[in-house]
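Chemist: I'd like to ask you about the structure that follows.
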Amino acid sequence: MANAIRFHEIGTPSVMRWEEIEVGRPGVGEVRVRHEAVGLNFADTYFRSGLYPAQLPAGMGVEGAGVVEEIGEGVVDFAVGDRVTYTGSPLGAYATERIMASSDLIALPDGIAFDTAAAMTMRGLTAAYLLRRIYPLKAGDTVLLHAAAGGVGLIFTQWAKLLGIKVIGTVSSDEKASVARAHGCDEVVIYTREDVVARVKEITGGVGVPVVYDSIGQSTFDISLDCLARRGLLVCFGTASGPTPPIQAMQLAVKGSLFLTRPALADYIADPEERAELAGELFSHVESGRIKIEINQRYPLEDAVRAHHDMESGRSIGSSVFSV
C-alpha cells in the first residue's frame, strides 16, 4: 500500500487528508513511479478551492520526481530504475507512489537531484515557454514580471539575464526585494508602498514595457495593462489573487492597441519534441549552474495542510517541495 493526500470536498487546506491508497499495476503504456520528491505549486490550491474543476474525491498535485519501479506492456521509452520527473495532469502527485502514462514523463539527468527536479520542473518549464515561446524577446528589451521572488520569478530572472533581457520585478517586501535582486532582477518595485505604474514609466522613460508577465491576476490586471507600451502584450499566466476580470476588446484599443493572452503550460509541452527541447534547455542551464534552483521551504508530504496555509499566506519565498 502507498499513501497520498486526497480531498473529498473543495475548501480550505483543512479538506486535505493523508490516506492509504492501493496503487495497482501499470497498464498498457504506463509505469509505476516511486516518488522521491513532490512539487508544491500555487496552482495546486486552485483545484482544492474549486477555482479549477476536479472530479471528487481527488488526489492533489501535478509535479513529482522519482524512480520507475515497474513498467507496463508497450513501454519502450523507460525502464525499471530510470530517473524521471514530470508536471501536468492528472492530479495525484502528492503520493508516495503512483501510476503514470510513460508519455507524460521526462527523463531526469543524473546531474539533477530529485528535490531540485520537483522544485523546478513546472516552474522551469513555465519560465521556458514564457521567455522562449510567447514573444520574440531580444537582448536589450525590458519586461515587467509580477511576483519576482516567487518560484517562477527566480528562475525567470536568472534566465532573462542570460538572454540580455532587463527585468522590472514587483514584490511585497524588502526581504523579497533582496531575493529578487540577488537572482538577477534589474529593478524592483515594492508594490505595497510604491506606485507600480509610475515606477515602470519612470524606469522606461514614460514608454512602458513591451511585455508584462502577470501571475497574480485580479489585483494586478489593470496595473499590468497600464504598464504596457503601445501594442504591448499582457501575459496572464496565473491567478494568485483571483480570476482576471472580464475585459472588453475596445479597452485594449483605447490603451494602445494592446494584446492579451492567457496561456497554459500544458499547451506548450503537449508536443513531445517541443517539451524535450524546452526541458533540455532548462536542464542544461541548471546542470551547468547558470540557473540555480534554491529550495526555500521543505515539508513532509503528510504536512500538506500547513504547506498550503504557508503558501496562501504569502510566507513562502521561491520554491517549495515535499520530501517523500
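The values are calculated or read from the model by the stated rules, or taken from the named source; none is laboratory data. Bear in mind that the values here come from a model prediction, so they are computed numbers and not experimental data. No Cβ is skipped: glycine too gets one built from the backbone with ideal geometry, and neighbour counts run over all protein chains shown. Accessible surface areas use protein heavy atoms only, side chains included; no ligands, DNA or RNA. Shrake-Rupley method; radii C 1.70, N 1.55, O 1.52, S 1.80 Å.
Chemist: Can you tell me which residues in region 189-237 are at positive phi and not basic (Lys, Arg)?
Modeler: Listed by number, the residues that qualify are Gly205, Gly206, Gly208, Gly217.
Chemist: Of all residues in region 92-107, which are open to solvent by 30 Å² or more (accessible area, probe 1.4 Å), in contact with a helix residue (DSSP H, G or I) (Cβ under 8 Å, 6 or more places away or on another chain) and within 28 Å of Ser284 (Cβ to Cβ)?
Modeler: Ser103
Chemist: Answer yes if at least one residue in region 215-223 is open to solvent by 40 Å² or more (accessible area, probe 1.4 Å), more than 25 Å from Arg34 (Cα to Cα) and in contact with a helix residue (DSSP H, G or I) (Cβ under 6 Å, 6 or more places away or on another chain), and no otherwise.
Modeler: Scanning region 215-223, I find at least one residue that is open to solvent by 40 Å² or more (accessible area, probe 1.4 Å), more than 25 Å from Arg34 (Cα to Cα) and in contact with a helix residue (DSSP H, G or I) (Cβ under 6 Å, 6 or more places away or on another chain), so the answer is yes.
Chemist: Can I ask one more? Going by the conditions given, is Leu282 modelled with pLDDT of 95 or more, in contact with a Pro (Cβ under 8 Å, 6 or more places away or on another chain) and among the hydrophobic types (A, V, I, L, M, F, W, C)?
Modeler: no
Chemist: Just wondering, is there one or more residues in region 111-122 that are among the polar types (S, T, N, Q) and without any contact (Cβ under 8 Å) to a residue 60 or more places away in the chain? Spell out how you get there, then give the answer.
Modeler: Filtering region 111-122 for residues among the polar types (S, T, N, Q) gives 116, 121.
Next cut, without any contact (Cβ under 8 Å) to a residue 60 or more places away in the chain only: none.
There is no residue in region 111-122 that is among the polar types (S, T, N, Q) and without any contact (Cβ under 8 Å) to a residue 60 or more places away in the chain.
Chemist: Further, regarding this structure: What are the residue pairs meeting all of these: first residue in region 224-248, first residue under 15 Å from Leu144 (Cβ atoms) and of a type in the set (Ser, Thr, Tyr), second residue at pLDDT below 90 and open to solvent by less than 50 Å² (accessible area, probe 1.4 Å), Cβ atoms under 6 Å, and 6 or more apart or on different chains?
Modeler: Nothing qualifies.
Chemist: Let me ask something additional. Go through (1) of a type in the set (S, T, N, Q); (2) in contact with a His (Cβ under 9 Å, 6 or more places away or on another chain); (3) farther than 22 Å from Asp222 by Cβ and name the single condition Ser173 misses.
Modeler: Here Ser173 meets the rest and fails (2).
Chemist: Search region 298-319 for residues being at pLDDT 90 or above and outside any helix (DSSP H, G or I), and hand back the single one that is farthest from the chain's Cα centre (by Cα).
Modeler: For region 298-319, the residue satisfying everything is Pro300.
Chemist: For region 117-147, which positions are touching a strand residue (DSSP E or B) at 6+ places or on another chain (Cβ under 8 Å), open to solvent by less than 10 Å² (accessible area, probe 1.4 Å) and not in a loop (DSSP other than H, G, I, E, B)?
Modeler: Step one: filter region 117-147 for residues touching a strand residue (DSSP E or B) at 6+ places or on another chain (Cβ under 8 Å), giving 117-123, 125, 130, 134-135, 137, 140-147.
From the residues that got through so far, the ones that are open to solvent by less than 10 Å² (accessible area, probe 1.4 Å) too are 117-121, 125, 130, 143-146.
Correct list: Ala117, Ala118, Ala119, Met120, Thr121, Leu125, Leu130, Val143, Leu144, Leu145.
Chemist: Just to be sure before I move on: is Ser49 surrounded by fewer than 17 Cβ atoms within 10 Å (Cβ to Cβ), closer than 21 Å to Leu278 by Cβ and polar (S, T, N, Q) in the structure I sent? Write out each step before concluding.
Modeler: Working: surrounded by fewer than 17 Cβ atoms within 10 Å (Cβ to Cβ): yes; closer than 21 Å to Leu278 by Cβ: no; polar (S, T, N, Q): yes.
Criteria not met by Ser49.
Chemist: Restricted to region 285-297, and to residues that are among the polar types (S, T, N, Q) and open to solvent by 40 Å² or more (accessible area, probe 1.4 Å), which residue is modelled with the lowest pLDDT?
Modeler: Ranking the candidates gives Asn296 first.
Chemist: While we're looking at this one, here's another question. Taking the options Ala270, Ala307, Ala264, name whichever one is open to solvent by 50 Å² or more (accessible area, probe 1.4 Å) and over 21 Å from Gly111 (Cβ atoms).
Modeler: When all the criteria are applied, what remains is Ala270.
Chemist: Moving on to the next point. Looking at region 148-163 only, could you name the residues that are in contact (Cβ under 8 Å) with a residue 60 or more places away in the chain and either of a type in the set (S, T, N, Q) or not in a helix (DSSP H, G or I) (or both)?
Modeler: Of everything in region 148-163, those that are in contact (Cβ under 8 Å) with a residue 60 or more places away in the chain and either of a type in the set (S, T, N, Q) or not in a helix (DSSP H, G or I) (or both) turn out to be Ala149, Gly150, Gln158.
Chemist: Applying the selection to region 230-242, what residues are surrounded by fewer than 19 Cβ atoms within 10 Å (Cβ to Cβ) and of a type in the set (A, V, I, L, M, F, W, C)?
Modeler: Within region 230-242, Leu233 is the sole residue that qualifies.
Chemist: Can you say whether Val196 is more than 19 Å from Ile165 (Cα to Cα), among the aliphatic types (A, V, I, L, M), open to solvent by less than 20 Å² (accessible area, probe 1.4 Å) and in contact with a strand residue (DSSP E or B) (Cβ under 6 Å, 6 or more places away or on another chain), as far as the supplied structure shows?
Modeler: When the stated conditions are applied, Val196 passes them.
Chemist: Same structure, new question: Among Tyr52, Tyr46, which is among the aromatic types (Phe, Trp, Tyr), out of contact with any Pro (no Cβ under 7 Å at 6 or more places or on another chain) and part of a loop (DSSP other than H, G, I, E, B)?
Modeler: Going through Tyr52, Tyr46 in turn, the sole match is Tyr52.
Chemist: Under 22 Å from Arg17 (Cα atoms) and open to solvent by less than 20 Å² (accessible area, probe 1.4 Å): which single residue out of Ala43, Ala54, Ala65 fits that description?
Modeler: Going through Ala43, Ala54, Ala65 in turn, the sole match is Ala65.
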